[in-house]
Amino acid sequence: MPLRLVSVLVDELCALPCVREARQRSLYLTLVCDDLGIRWIEQGTAVRAEMVMFVGQVLQHHGRDGYRALIEGVGALEGREVAENLDRVVRRAVYGVESRGLPELPGVFDAETQRRARELLTQGPVPRPLLHSVLARELRIALPDGEGPVGLFAHLAEQNAQPDGLPPALVLVEVVAALGSVQAAALQAWSDEWAGPAGLTAVLRERRARIALGAVPDRTVPRALVVMVDPAHDGTDRIHVRHWVNAAAGFWQPRAFEPQETTLDGLAAAVLRAVRHGEAQWAGAAEDSPVHVEFVLPHALLNHDVARLKIAADAFEPLPLHLRFYIHLRSLDRMRVRDARQLSLWRERWRTLQEAPAAETYRWSRTTDPLAQWQEKLARNPRVTGVILQHPAERGHGLEALAAALAEGVGLVVWDRRPDTPQSVELLQLLLGHSPGQLPFKVHQLRVQAETEEVGRLLVGRNIAFLWDDPNRLVDCEEMPA
């Protein structure tokens, strides 16, 4: 950043009432910061020293946009004429001209600094889905699809600084280092070299520690496609289908895609569209971990057999969705609830479930458990983490029992969709004896077996409904506008 520019700007600003007077100065600093989306804690030093630091930071991290904000802040407090005169004086003193438009200011990183970063980023790059997931969560800005570390660096080098003053391209370098690049030490040294003269060493260390924590994967988070089906509630058979893709196992950073309006008959086509979006996001993953397709359904559709939706694959015969993916159900009604008590119950039972196989499992049958007693039974025992339903489709009774279980925080529910199959209850009881981490895989095995064996249509895997509703992995499922 040209020292001459900082010096002249500070000279002129300190001569203005909006900077010279303490209350006005605080307002001026606030206006500029709000415009740029940054924070500035007043240093309590002499006016000139304060403004040298402030103006230097603004121009260093925001370039031409920062210069514009400094001038427009003056315009807001002193009037347009004063701001335009300030602009003319600065241009004449620094550049020898009074040209219109913003002055050409150097970028955050000079050419040699960028060259060294690109060279380090090409050596041992991390998998793209993993990088995009962690970086999107850290920066909280949209990232371009399909770019690796070098492409992302070029894109982010043009972006405004983060609220803590760190450039997004530097945050990218820190994320790549934290995710295990072979050049991790050299990448961090590159960041240190830039942060020192910028006065941001302490900020960098704080961000580096946060990134390191955020780069630790959560083994319960899969690659996933979340499909939400929401009826239009307008007397027609229209439904709104929304979907999100979680690109990397271990990190919950679902990306939303455009919603689609269709009907239940068109749901398979909508899901195929969502799968293709998912495949584009999962491409380039280092691991071949299974993909979960989670259907977030309203209460009335939870007995709809979404696992056997047939989707076309190129020129081949359409195949049931569950042959390729792990399929499970989630409750749209519960995900929309904002009641703190219900959310607490849900999380607590889920925590208990993660500790061991279903701590206690209840079976519900309309012949043995009146609905009120059933809910009371669940409420009295917080260690119930799994529920098996019998006769779920008969006159809606089973779904009422399911709704009661959801209201009491149960996140694991299984049932056979057929109306009268008491023998399947024993098999489902055995299924819930597996460790929680194995359950999606075991249900997938049952479904594949039912599709590939001659007597498959008689097997429980052909008709099993599996609700696996993780309260820690939510999506933005507010109602679609009318």
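What percent does the relative contact order of region 143-234 come to when contacts are Cα pairs within less than 8 Å and at least six residues apart? Before the final figure, lay out the partial values.
Working: 54 pairs, mean separation 18.2, N = 92.
Worked out over region 143-234, it gives 20 percent.
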- prompt: What are the residues whose amide H is under 5 Å from the amide H of T385, where those residues sit 5 or more places off or on another chain and H is modelled from the backbone?
  reply: A359, E360
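What does the C-alpha gyration tensor say about the overall shape of region 1-86? Classify as rounded when a/c is under 1.5, otherwise prolate if a/b is larger than b/c, or oblate. Mind showing how you got there, number by number?
Numbers: a/c = 1.15, a/b = 1.05, b/c = 1.10.
Verdict is rounded for region 1-86.
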field: Accessible-area ranking of D470, D11, largest first, probe 1.4 Å
entry: D11, D470
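Which of the GluC sites (Glu not before Pro) found in region 1-61 are in a DSSP loop and have at most 16 neighbouring Cβ atoms, other than their own, within 10 Å? Intermediate values should be presented prior to the final figure.
Numbers: sites: E12, E21, E42, E50; in loops: E21, E42.
In loop regions of region 1-61 (DSSP not H, G, I, E or B), the sparsely surrounded GluC sites (Glu not before Pro) are E21, E42.
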- request: Would you grab the residues whose amide H sits under 5 Å from the one on W364? Only those 5+ places off in sequence or on another chain, please, with H modelled 1.01 Å from N.
  value: I388, L389, Q390
- request: Just the number, please: carbon plus sulfur as a percent of the accessible area of region 212-299, 1.4 Å probe, no ligands or DNA/RNA counted.
  value: 53
task: State, in angstrom, two size descriptors of region 398-444 derived from its alpha carbons: Rg to one decimal place and Dmax to the nearest whole number.
output: 11.8, 30
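For the chain, what is the mean residue ellipticity at 222 nm derived from helices alone (per DSSP H run of n ≥ 4: -39500 (n - 2.57); sum divided by total residues; nearest 500 deg cm²/dmol)? Don't jump to the answer; show the numbers that get you there.
Values: 18 runs with 231 residues, N = 482.
It comes out at -15000 deg cm²/dmol, rounded to the nearest 500.
Mind checking the per residue accessible area of region 22-174 for me, 1.4 Å probe, whole number of Å²?
Details: 7310 Å² over 153 residues.
On a per-residue basis, region 22-174 sits at 48 Å².
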- request: Mind sorting out which of (1) 0.95; (2) 1.10; (3) 0.99 is the real Rg/Rh (Cα atoms, Kirkwood Rh) computed from the coordinates?
  value: (2)
message: Rounded, prolate or oblate, given the Cα gyration tensor of region 334-453, with a/c below 1.5 counting as rounded?
response: oblate
query: Which loop-located trypsin sites (Lys or Arg not before Pro) does region 181-227 contain, where loop means any DSSP state but H, G, I, E or B and the Cβ has at most 11 other Cβ atoms within 10 Å?
result: R219
- prompt: Are there GluC sites (Glu not before Pro) in region 408-482 that DSSP puts in a loop and that have at most 15 other Cβ atoms within 10 Å, and which ones?
  reply: E453, E454, E478, E479
- prompt: Roughly how many Å is it from the Cα centre of region 217-248 to that of region 361-375, as a whole number?
  reply: 30
- prompt: Taking θ as phi - 60°, what are the ³J(HN,Hα) couplings along region 171-180 by the Karplus curve (6.51, -1.76, 1.60), each to the nearest whole Hz, with x for Gly and Pro?
  reply: 4, 4, 4, 5, 5, 4, 4, 5, 8, x
- request: List, in order, the whole-Hz ³J(HN,Hα) value for each residue of region 84-89 obtained from phi through the Karplus relation with A = 6.51, B = -1.76, C = 1.60 and θ = phi - 60°; use x for Gly and Pro.
  value: 5, 5, 4, 4, 5, 4
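The values are calculated or read from the model by the stated rules, or taken from the named source; none is laboratory data. Everything quoted here is computed from the prediction, not taken from an experiment. Note that we place each Cβ from the backbone using ideal geometry, even for glycine, and neighbour counts take in every protein chain shown. For the accessible areas, the whole protein counts, side chains as well, though only heavy atoms, and no ligand, DNA or RNA atoms are used. Shrake-Rupley method; radii C 1.70, N 1.55, O 1.52, S 1.80 Å.
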